[in-house]
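Trainee: Structure in structure tokens, see below.
None of the figures in this text is laboratory data; all of them are computed from the coordinates on show. Remember, predicted model here, so these are calculated numbers, not experimental data. When we count neighbours, we look across all protein chains shown, and the Cβ atoms used for this are built from the backbone with ideal geometry, even at glycine.
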Amino acid sequence: MKCAQCRTDNAEANLFCASCGALLGVREPPPGAPADRTWTVPGRTLAAGEVFAGRYRIIEELGQGGMGRVYKAYDARTRDDIALKIIQPWFAADDTASARFRLELKQARQVAHRNVIRVFDLGEAEGTIYLSMEYVPGQTLNSVIRLAGRLDAATAVGYARQIVDGLAEAHRAGIVHRDLKPQNIMIAPDGTAKIMDFGIARSGNAPALTDRGAVVGTPAYMSPEQARGAEADARSDIFALGRILGEMVTGHLPAAPDSPARQGQQAGPVVPVDLQRIILRCTAEDPGRRFQNAAELKAALDAWTAETPEGSPRRSAKGRRRGLRGLAVVLAAAAVLIPTFWLLRRARPAERPPVPVSARRTIAVLPFEDLSPDHSLTAHCEGLADDLRTKLAAVCDVISKYSSDRIKNPAKDALEFIKGLNVEYYLEGAFRREAPVIKANIKISDAKSGFQRWTRSYEIGPDAFYEMKDLISRDSAAFLGGGGAEAQAPSREPADMKSYFFYQWGRYFEDLYIERSREVDFAEAARNYRNAVSADPRNAKGYYGLGNLHEHRFSKTSRAEDLEAMTEYYGRAFALDPQMPEAHLGLGWAFYHQRKLEDAYTKFREAYRMAPRSADVNFAVGSLFRSLGLYAQALPYYERAIQLSPLDSQPYFNEASCLWYLGDYGKAEDLLKRALAFEPGTARLHLNLARQYLSMGRLDDAEREIAAGEKLQPVSEALTRHKVWLAAARGDRGRALALIPTVELSFLYEITNAYCLLGMRPEAVRNIRLGIEKAPGSVHDEAYVYPYLTSNPLYADLQGDAEFKKILAEEKARDEEKRKKYPGF
């Protein structure tokens with residue numbers, strides 16, 4: 001039977017996968033299950049946007065295992081994101097397993113600790129058993145190890161101390177985890193480690209519902225007594241944690257406890273001696289020789305940490321003596337391997353000849369799949385797909401990463417979703433490590449029919465990912481009609497793979513910072529970007545990432561030091577790679593924030609010349625014109641960005657804003673409805689739609705959208721401003737005036753419109769003047785420009801005001817000047 005998690009073939013009699021330890025599915029109903037039903041591994045699946053049990057709106061699937069599928073969902077009752085596990089039907093139908101599970105859930109709910117994922121509820125709805133839990137964003141410890149290669153000792157011990165704290169709390173409640181492994185530990189964005197999945201845990205005070213002598217757990221981390229089918233206790237969890245700690249500091253799972261190559265000795269050259277001793281004691285074969293409880297292990301880890309200077313991981317004397325010798329061995333091996341690349345070759349093409357294409361095509365590069373049992377190629381796959389998009393953009397229109405990455409599995413049920421991208425083709429690929437080679441299969445299919453049009457197979461050496469990417473881009477571009485033009489696309493990848501990994505982590509935490517505005521995410525992103533450029537000083541992308549990070553914070557806080565930092569980092573990226581369009585965009589934004597508008601315009605024009613079919617470049621150019629108040633000029637660039645990134649809501653939002661400034665409320669409404677169709681959980685889209693309805697006088701519709709936005713984001717200044725406008729439109733003067741003092745940016749449009757509706761003309765005009773002066777420095781956009789002043793019907797009553805007439809004349813002159821200076825590209 002093939003394991004759904006690692007795809008390893010197992011004997012039919014296996015209950016657990018022999019490779020990864022995951023619980024295998026069954027083909028026949030378990031004992032006690034209804035005979036007229038067929039039980040399968042997947043069980044019920046839920047689609048994004050679907051509402052389950054009347055309260056959980058599905059956001060995305062997070063993963064699946066032996067017990068069921070796990071989803072991220074929004075709980076309408078608690079107004080919070082949760083993790084929702086849909087329990088396998090056969091598991092729920094097995095009376096013994098179900099009884100054990102319910103008992104252990106009751107016990108697990110007693111464990112309340114910051115290092116244990118909270119369990120909320122077990123329920124049944126629509127004939128399906130489900131479990132709701134705390135949702136923790138971030139990565140599993142397994143992913144962290146695979147991405148980093150190995151962790152420095154101080155970081156690894158830091159995680160271990162948190163894990164042992166969580167275990168201590170569970171052990172105090174009499175609960176033994178029994179399946180502790182990196183896949184069952186989440187690392188949150190702030191570095192907090194959380195233990196999850198007490199699904200096969202057992203209370204020390206509960207009846208043993210598992211058959212005596214049964215082996216429960218994951219073999220790679222299982223204690224010797226568990227492997228023999230004997231009773232497991234707290235020391236079994238300590239054994240597993242010792243194995244995990246060894247894996248963290250070496251980057252691989254050490255030898256089995258009964259192997260001649262013991263864990264600490266195998267890791268010797270890179271693991272401090274005293275930390276080796278802790279690992280060896282945790283993983284002693286005799287439970288009596290291990291740490292006897294979590295408190296003892298925590299004391300040893302605390303002592304190790306206290307004796308280690310911060311930021312200076314210790315190395316053993318053996319490690320210091322052998323360091324240069326080891327480096328010499330590595331360099332000698334590289335001298336032999338690098339010139340040969342003996343494994344790099346292409347397999348023969350598919351028998352069906354490719355169909356020549358002469359016109360420029362549109363393609364979506366879907367996320368590549370890592371089929372390796374250890375998933376060690378996942379980071380490579382993500383980066384390679386992203387770089388391939390850049391290469392192929394030289395010969396065809398490429399859908400953006402953001403939109404393409406929303407399609408997880410086109411082979412199953414996503415063909416209709418792909419059709420929504422409005423592309424002709426989609427490219428997908430799968431990779432598998434089979435030592436000593438990496439195998440890849442790439443294919444291009446017709447988006448309308450799903451018919452495969454082109455395929456190639458590749459085999460490469462373990463260090464030849466860049467060369468393979470060039471082969472894939474050249475071959476696929478030739479099919480798409482590029483004639484080899486992709487070879488001229490500049491290569492911007494870091495030469496050092498560690499640098500590349502750090503860069504990917506930087507992007508991950510940067511996205512978190514954009515979403516949540518938390519300084520801890522900013523710090524993690526900055527740290528990873530700095531590590532990237534430290535590992536490879538010529539990594540222009542790393543410097544660009546640092547520039548972006550500070551630009552995001554400057555947009556939120558207007559801090560002068562961020563403006564200085566972004567200018568420096570964007571400048572370094574440009575100096576390293578002047579052919580990188582993103583570097584020009586970065587410098588363009590730096591010039592814009594310094595109010596050097598002509599220099600900004602020049603940089604954006606150069607970026608557009610380099611990559612006129614890039615979704616990101618088109619979006620950035622549109623945003624420049626929008627920030628300058630040149631809304632009509634911005635529209636075609638946003639339209640192009642939507643074509644190239646049809647599942648990204650931001651271009652829809654920005655184009656709708658431009659149309660609102662121009663008075664085209666109906667078209668703006670249509671755009672926002674299209675965006676909400678695939679991103680219903682985005683508060684700003686609901687509020688922008690409410691803005692269109694308020695301008696059209698559709699107050700009930702506006703109130704509905706404001707309420708929808710409030711459910712998704714209960715507290716925000718934008719929400720309060722829209723409430724002020726709605727109150728004024730309904731004639732509730734008292735409520736509107738009571739809310740205005742709570743708004744910091746009270747010079748913005750919603751408040752001015754409320755003043756107009758309340759007949760407060762002097763206040764409205766004063767607000768307009770204040771907005772013209774303050775908006776560029778606070779929200780970094782020009783406000784109350786001439787097109788908006790003349791399109792807003794509420795301002796008709798201000799025409800008789802002398803100050804308003806003066807403002808109108810000034811803005812008309814400025815608008816004419818800007819149109820001449822910045823005509824578009």
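Trainee: Largest first and to the nearest Å, give the Cα extent of region 746-803 along each principal axis.
Mentor: 29, 21, 19
Trainee: Moving to a separate point now. What is the Cα convex hull volume of region 694-825 when expressed per residue in Å³?
Mentor: 130
Trainee: For each of Ile278, Ile768, count neighbouring Cβ atoms within 10 Å of the residue's Cβ, then give the residues from fewest to most.
Mentor: Ile278, Ile768
Trainee: How many percent of the alpha carbon pairs in region 492-579 exceed a separation of 14 Å?
Mentor: 58
Trainee: Report the label-to-label distance for Lys667 and Ala813 in nanometres (one decimal), using points 7 Å from each Cα along the Cα→Cβ vector.
Mentor: Computed distance between label sites Lys667 and Ala813 equals 3.1 nm.
Trainee: Starting from the Cα of Glu561, step 7 Å along the direction of its Cβ; do the same at Leu597; then give the gap between the two resulting points in nm.
Mentor: With each label point 7 Å from Cα toward Cβ, the separation is 3.1 nm.
Trainee: Determine, for Tyr608, Tyr221, the number of other Cβ atoms within 10 Å of each Cβ, and report the residues in order from fewest to most.
Mentor: Sorted ascending by nearby Cβ count, the order is Tyr608, Tyr221.
Trainee: Can you put Met468, Met222, Met696 in order of Cβ neighbours within 10 angstrom, beginning with the fewest?
Mentor: Sorted ascending by nearby Cβ count, the order is Met696, Met468, Met222.
Trainee: Once you put a point 7 Å from the Cα of Thr305 and another 7 Å from the Cα of Lys806, both along the Cβ direction, what distance in nm separates them?
Mentor: 6.3
Trainee: Compare the peptides 656-669, 68-81 by average per-residue count of other Cβ atoms within 10 angstrom and give them in order, highest first.
Mentor: 656-669, 68-81
Trainee: Sort the following peptides by mean Cβ neighbour count (other Cβ atoms within 10 Å, averaged over residues), highest first: 633-640, 438-445, 368-375.
Mentor: 633-640, 438-445, 368-375
Trainee: Ranking request for peptides 236-242, 507-513: highest mean number of other beta-carbon atoms within 10 Å first, then the rest in descending order.
Mentor: 236-242, 507-513
Trainee: Grab every C-alpha pair in region 138-193, bin the distances at 5 angstrom width from 0 up to the longest one, and report whole percents.
Mentor: 4, 18, 27, 27, 14, 7, 2, 0
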